[in-house]
């Protein structure tokens with residue numbers, strides 16, 4: 001199944017990056033972020049902090065390793081959903097179409113099965129919960145204004161550090 005996740009323009013990319021940054025801040029994962037950049041390939045626009053990565057350690061229990069993998073998967077899910085929803089709701093002022101939503105789920109289902117050995121029903125529950133939450137976030141006019149301001153800043157500076165991202169999205173905590 002071909003996906004429609006590719007950016008169609010610089011504006012589209014900016015809103016996708018903004019969506020992922022908002023997702024990380026909303027889920028209190030901004031400490032996992034090092035920077036965001038507009039002038040790199042799409043799959044490199046988010047640079048993660050060293051804390052995001054963990055080395056395989058024989059002294060860690062299988063449960064600890066699996067929980068860390070599940071945390072990464074949930075962050076990936078939140079970022080991908082936030083990227084797509086932000087681009088649609090804030091930039092294009094429309095809801096995500098059913099076809100795109102199915103493609104998004106399909107991508108996340110495959111990743112959940114491969115990386116975490118999750119069952120389809122577990123993935124579906126996680127997806128539905130996160131998708132609904134992200135739609136509520138980006139449907140809020142205050143959030144949309146914050147995102148637009150963030151996008152303008154990203155376009156001007158082209159690269160934002162974690163501190164810049166946190167500062168640019170600080171107003172989210174007041175909503």
Considering the range 117-140 alone, what residues qualify as being farther than 16 Å from residue 26 by Cα, surrounded by fewer than 18 Cβ atoms within 10 Å (Cβ to Cβ) and over 16 Å from the mean Cα position of the chain (by Cα)?
-> 117, 119, 120, 121, 122, 124, 125
Of the conditions (1) farther than 19 Å from residue 167 by Cα; (2) surrounded by 15 or more Cβ atoms within 10 Å (Cβ to Cβ), the single one that residue 65 does not satisfy is (2)
Out of 40, 84, report the one residue that is under 17 Å from residue 6 (Cα atoms), in a helix (DSSP H, G or I) and at pLDDT 95 or above.
-> 84
Quick one: residue 45 ticks every box in (1) surrounded by fewer than 16 Cβ atoms within 10 Å (Cβ to Cβ); (2) at pLDDT 95 or above bar one, so which box is it?
-> (1)
Check whether at least one residue in the range 16-29 is out of contact with any strand residue (DSSP E or B) (no Cβ under 9 Å at 6 or more places or on another chain), assigned to a helix (DSSP H, G or I) and surrounded by fewer than 17 Cβ atoms within 10 Å (Cβ to Cβ), and report yes or no.
-> no
Residues of the range 87-101 that turn out to be outside any loop (DSSP other than H, G, I, E, B), over 12 Å from the mean Cα position of the chain (by Cα) and surrounded by 14 or more Cβ atoms within 10 Å (Cβ to Cβ), as a count = 6
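The values are calculated or read from the model by the stated rules, or taken from the named source; none is laboratory data. Note that the coordinates shown come from a computational prediction; the quantities given were computed from them, not determined experimentally. When we count neighbours, we look across all protein chains shown, and the Cβ atoms used for this are built from the backbone with ideal geometry, even at glycine.
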